Amino acid sequence: MRGFLAALVSAACLAFTPVRAESPVVIELFTSQGCSSCPPADQMVRDLATREDVIALGLHVDYWDYIGWADSFAQPGFTKRQKAYAAAVGERMVYTPQFVVGGVERIVGAKPMKVMEAVMNHAEMPATVTMQAKRDGGLLRIKARRMTDHTEPLMVQLVRFMPEAKVSIKNGENAGHDLTYANIVTSWGLLVRWSGTEDLEIETPIEGDQPGAVIVQEEGPGAILAAARLP
């Protein structure tokens, strides 16, 4: 049954025509190795990771660790991020699996049609920030311009992730399963707060060869206005 459901999820994610947008649409999945409902959503991230029009990221939370299996990728900061998303819209509870598309559209459960509809809606919005980001040796160079006269500060963030890893679950709700995860976030940090009143041009050290992304987001956390993939 699990394999059949995964096949349906994969087919739904890959069937959508790539969307045209100024920058890839960021999809965050809050997940846990100890959550029996999460594997189909994790499969969605694996499928979405192959698309150029999105940046799909898996953020593993730690609040299910008590039920018998401690998630080896979980970080308290990712739980805090999910709770901040909930608080931003007046919600008190958090759930797994939960997708957040573009920083604003929240979808509980593995629902590929709803996720891709949210991606298309976000991609159709006019660009308010343009950005370029690239590695140059051991430096990360970022240029950005705000296309509106808004002055609310924006967060320029660097995300690093592990492309793929397989985990053998020994205990808990997924005991006995070997699960493969994609785009597993290992760090999510703030580079600078930017007013947007002037063009942004910064450089910062970047270590290692792990891929990542630069994400410009409203505080809150709120809408993601621009993103660039770092191979």
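The values are calculated or read from the model by the stated rules, or taken from the named source; none is laboratory data. All of these numbers come straight from a predicted model, not from anything done at the bench. Heads up, the Cβs are rebuilt from the backbone with ideal geometry, glycines too, and the neighbour counts pull from every protein chain shown. Quick note on the areas: whole protein, heavy atoms, side chains included, nothing else; ligands and nucleic acids left out. Shrake-Rupley method; radii C 1.70, N 1.55, O 1.52, S 1.80 Å.
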Item to complete: Please sort by residue number the GluC sites (Glu not before Pro) in the range 98-139 whose DSSP state is loop and whose Cβ has at most 11 other Cβ atoms within 10 Å.
Response: GLU124
Item to complete: Could you list the square roots of 5 times each eigenvalue of the Cα gyration tensor of the range 74-121, that is, the equivalent ellipsoid semi-axes, sorted largest first and rounded to whole Å?
Response: 20, 12, 10
Worksheet item: Put +1 on the Cβ of every Lys and Arg and -1 on every Asp and Glu Cβ in the chain; which of ALA74, HIS150, GLY212 then has its Cα farthest towards the positive end of the dipole?
Response: ALA74
Practice prompt. When a/c is below 1.5 the answer is rounded, else prolate if a/b is larger than b/c, else oblate, so apply that to the range 94-206 with a ≥ b ≥ c taken from the square roots of the Cα gyration tensor eigenvalues.
Written response: oblate
Worksheet item: With each label point set 7 Å from Cα along the Cα-Cβ vector, what nm distance links THR130 and MET93?
Response: 4.5 nm
Response to the item:
Row for the range 39-168, column shape: gyration tensor on C-alpha, a ≥ b ≥ c, rounded if a/c < 1.5 i.e. under 1.5, prolate if a/b over b/c, else oblate; value prolate
Fill in: For the chain, share of DSSP beta bridges that run antiparallel, in % to the nearest 5
85 percent
Worksheet item: Taking a threshold of 28 Å on the Cα-Cα distance, which of the pairs LYS80/LYS166; LYS111/LYS166; LYS114/LYS143 fall above it?
Response: LYS114/LYS143
Worksheet item: Given DSSP loops and a limit of at most 13 other Cβ atoms within 10 Å, what is the longest stretch of the chain that contains no such trypsin sites (Lys or Arg not before Pro)?
Response: 93-169
Worksheet item: Which order, highest average first, do 34-42, 54-62 follow once you tally other Cβ atoms within 10 Å for each residue and take the mean per peptide?
Response: 54-62, 34-42
Response to the item:
GluC sites (Glu not before Pro) in the range 170-231 lying in a DSSP loop, each with at most 12 other Cβ atoms within 10 Å of its Cβ, come to GLU198, GLU207, GLU219
Item to complete: Go ahead and estimate [θ] at 222 nm for the chain from helices alone: -39,500 (n - 2.57) per DSSP H run with n ≥ 4, summed, over the residue count, rounded to 500.
Response: -6500 deg cm²/dmol
Worksheet, complete the sentence: Treating only Lys and Arg (+1) and Asp and Glu (-1) as charged, each at its beta carbon, one finds that the range 134-231 has a dipole about its Cα centre, in Debye to the nearest 20, of 240 debye
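How large is the dipole of the chain about the Cα centre if only Lys and Arg carry +1 and Asp and Glu carry -1, each at its Cβ, rounded to the nearest 20 debye?
Computed charge dipole of the chain: roughly 300 debye.
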Fill in: Rough spin-label spacing in nm, given labels placed 7 Å along Cα→Cβ, for SER37 and THR50
2.7 nm
Practice prompt. On the protein heavy atoms, probe 1.4 angstrom, tell me the percent of accessible surface of the chain carried by carbon and sulfur.
Written response: 52 percent
